[in-house]
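Each remark here refers to the structure printed beneath this line.
The values are calculated or read from the model by the stated rules, or taken from the named source; none is laboratory data. Nothing here was measured: the structure is a model prediction, and the numbers come from that model. Positions of Cβ are generated from backbone atoms using ideal geometry, with glycine treated the same way; all protein chains shown enter the neighbour counts. Just so you know, the surface numbers come from the protein's heavy atoms only, side chains and all, with ligands and any DNA or RNA stripped out. Shrake-Rupley method; radii C 1.70, N 1.55, O 1.52, S 1.80 Å.
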Amino acid sequence: MDIAVKTKKSWPVHTLVIVFIALVALALGAYQLWQYSRAELTLKANSLIINQVKRGSFTVTVRGNGVLVPENVQWLSASGDAKVEALLYKPGQEVSRGDEIVRLTNPRLEQQLAETKWELSALEAEHQASDLAEQAAIAQQRADMLNAQMALNGAEHEYQAHLELIETGAVSKLDFQRAKIALEQARQTLASRKEQMAESAKSLKAQQHARFARLNQLKNRVSRIQTQVDELSVRASIDSIILALPVEVGQHVSMGSNIAKLADQGALIAELQVPELQIQQIKVGQKVTIDTQNNQVLGHITRIDPEVMQGNVQVDVAFNEPLPNDARPALSVDGEITIAELDNTLYVSRPLFTQSQSQSSIYKLSSDGLMATRTAVQLGLGSVNYVQIIQGLEEGDQIITSDPSRFESFNQFRIN
């Protein structure tokens, strides 16, 4: 009798492969299900901002906004009490050195100038008349001295003749004595005329000095009053732009009152306001790029204000190159300060509310992007948009950089 033997069939290879794949998929699904079961929150991916950690060159910058201000500002003031007659320019207009900006008037001062000029003219006429009279007197004295000299010469000749004739008895002793007396009188007369001439010259010189002193004194007074009148016209002291004219036509101003504020438009600096939390990274000499909305200009930090005002610190920036034509005082600008240039470093877009050079908690995505887990990360230098990664993340890691207020109370959450 034949006995039937049953042979066991083997599984095809492709069937085994399919079974293996199914088991792996089942295991992965179970793992994901286990992970999902651990998370208490689920958020949609399109509601989050996700960025990837990169490696490369990274420029650390700090931003600040501010305005352009003139480095050289001058106030023009009134030289005396006056009334504003005319405003010849308006704020914002450019002026050249010597241009009249504001015309002031002072009728009392102008009347004083006119009267002093009349007094000067009268004194000059009097001085001229006195000179003519003195010159005539000197001429008369010179003529008298010349006559005395001629009389002396005649007396000498007559005396000499009598001296020669008296020896021969041709003239009497009486005539000889008369000739001798006449000679002595002529000599005394000439000496007297010379002395008178010398005294007159001294007197004339003294009188002229006195008149010249009075004349110069009055001229100086006229010049001083004229200067005061001229200074009533307020003129530009430098090539500049007018920032302010705090006066009106008809207004009375007193000596020292501010009339016009000028600024040298070619010497502008930028005053930036930098957040107090970032000021520790700022140093004098650092490079700054100033954006005037239409142009970008390079500069450098020259001063850091020691005071904090409303959470900001003022930083002054001087320019390394000529300013564009659109640069004007009070123009709003943005500044980007270069803190450092980092090479071959990890960096990522700055997560919201994180601070540079600090320990921070950041949500890192799993390799499949379905889970986000709170991760401790050491941050390095940072700018407005990026921050350096010192520790806690690797190149290629994905993190959440959006507002964490919705999920910051969870250590882990799901992402759909």
Computed from the coordinates I sent, Rg/Rh (Cα atoms, Kirkwood Rh) equals one of (1) 0.97; (2) 1.60; (3) 0.94. Tell me the label.
(2)
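For Glu119 and Gln207, FRET efficiency with R0 = 25 Å and r from the beta-carbon atoms, rounded to 0.05? Mind showing how you got there, number by number?
On the way: r = 19 Å, r/R0 = 0.78.
Working from the Cβ atoms, E equals 0.80.
When Rg is the radius of gyration of the Cα atoms in segment 89-218 and Rh is its Kirkwood radius, what does Rg/Rh come to? Write down the numbers at each step before the final one.
Details: Rg = 31.7 Å, Rh = 20.8 Å.
My calculation puts Rg/Rh at 1.53.
Starting from segment 327-416, pick out the chymotrypsin sites (Phe, Trp or Tyr not before Pro) whose DSSP state is loop and whose Cβ has at most 12 other Cβ atoms within 10 Å. Numbers along the way, then the final one.
Working: sites: Tyr347, Phe353, Tyr363, Tyr386, Phe407, Phe410, Phe413; in loops: Phe353, Phe407, Phe410.
Those that pass, being in a loop and sparsely packed, are Phe353.
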In order through segment 315-332: 3J(HN,Hα) via Karplus (6.51 cos²θ - 1.76 cosθ + 1.60), integer Hz, x for Gly, Pro:
10, 8, 10, 9, 8, 8, 9, x, 7, x, 5, 7, 6, 9, x, 6, 6, 6
Degrees separating the helix 13-38 axis from the principal Cα axis of the chain, which is the longest one
50 degrees
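Calculated from DSSP H runs of 4 or more alone, at -39500 (n - 2.57) each and per residue, what is the 222 nm mean residue ellipticity of the chain, nearest 500?
On the way: 3 runs with 144 residues, N = 416.
Mean residue ellipticity at 222 nm (helix-derived): -13000 deg cm²/dmol.
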Provide Trp118, Trp75 ordered by accessible surface of protein heavy atoms (probe 1.4 Å), highest first.
Trp118, Trp75
Looking at segment 178-272, which GluC sites (Glu not before Pro) are in a loop (DSSP not H, G, I, E or B) and have at most 10 other Cβ atoms within 10 Å?
Glu248
Give the aspartates and glutamates reachable from Lys205 as a straight Cα distance under 13 Å; neighbours fewer than 8 places away on the same chain don't count.
Asp131, Glu134
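May I ask you to derive the relative contact order of segment 118-271, considering only C-alpha pairs under 8 Å and at least 6 residues apart, and to give it as an integer percent?
Details: 81 pairs, mean separation 34.7, N = 154.
RCO, segment 118-271: 23 percent.
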With +1 assigned to the C-beta of every Lys and Arg and -1 to the C-beta of every Asp and Glu, and no other charges, what is the dipole magnitude of the chain about the Cα centre in debye, to the nearest 20?
1600 debye
Mind putting together the pair-distance distribution for segment 216-335? All Cα pairs, 5 Å bins, whole percent per bin, short to long.
2, 9, 15, 14, 12, 11, 9, 8, 7, 5, 4, 2, 1, 0
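Calculate the FRET efficiency for Gln412 and Thr338 from the Cβ-Cβ distance with a Förster distance of 41 Å, rounded to the nearest 0.05. Write out the running numbers ahead of the final one.
Values: r = 38 Å, r/R0 = 0.94.
FRET efficiency, Gln412 to Thr338: 0.60.
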accessible surface per residue for the chain, probe 1.4 Å, DNA/RNA/ligands not counted, whole Å² -> 61 Å²
Starting from the residue with the highest accessible area, list Lys205, Lys173 in decreasing order, probe 1.4 Å.
Lys173, Lys205
Would you check the accessible area of Ile241, probe 1.4 Å, heavy atoms only, in square angstrom rounded to 10?
10 Å²
All aspartates and glutamates inside 17 Å of Lys180 as judged from Cα atoms, apart from same-chain residues fewer than 8 positions distant
Glu156, Glu158, Glu164, Glu167
Quick one: putting +1 on the C-beta of Lys and Arg, -1 on the C-beta of Asp and Glu, what dipole do you get for segment 166-314 around its Cα centre, in Debye to the nearest 20?
1580 debye
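Over 21 Å between Cα atoms: which of Lys83/Lys261; Lys261/Lys287; Lys90/Lys261; Lys54/Lys364 fall into that group? Don't skip to the end; give the middle numbers.
Values: Lys83/Lys261 18 Å; Lys261/Lys287 31 Å; Lys90/Lys261 11 Å; Lys54/Lys364 14 Å.
In this structure, Lys261/Lys287 lie more than 21 Å apart at Cα.
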Say a paramagnetic label sat at a point 7 Å from the Cα of Glu71, along Cα to Cβ; which residues of segment 254-283 have their backbone N under 12 Å from it?
264-270
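Dividing the alpha-carbon Rg of segment 123-191 by 2.2 N^0.38 Å yields what? Mind dumping the intermediate values first?
Working: Rg = 19.6 Å, N = 69, 2.2 N^0.38 = 11.0 Å.
Compactness ratio reported: 1.78.
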The percentage of the accessible area of the chain (probe 1.4 Å, all protein chains present) made up of carbon and sulfur atoms, to the nearest whole number, is 52 percent
Can you find, among Trp75, Phe212, Gln177, the residue farthest towards the positive end of the dipole of segment 72-220? Put +1 on the C-beta of Lys and Arg, -1 on that of Asp and Glu.
Trp75
Compare Arg108, Arg55 by solvent-accessible area with a 1.4 Å probe and give them largest first, with all protein chains kept in place.
Arg108, Arg55
Among all the lysines, which ones have a C-alpha under 27 Å from Lys202's C-alpha, if same-chain residues fewer than 8 places away are not counted?
Lys194, Lys219
Segment 199-232 residues near the modelled Ser130 label - backbone nitrogen below 19 Å, point 7 Å along Cα→Cβ:
199-222
Spacing of the two label points (7 Å from each Cα toward its C-beta) at Gln196 and Leu370, in nm
14.1 nm
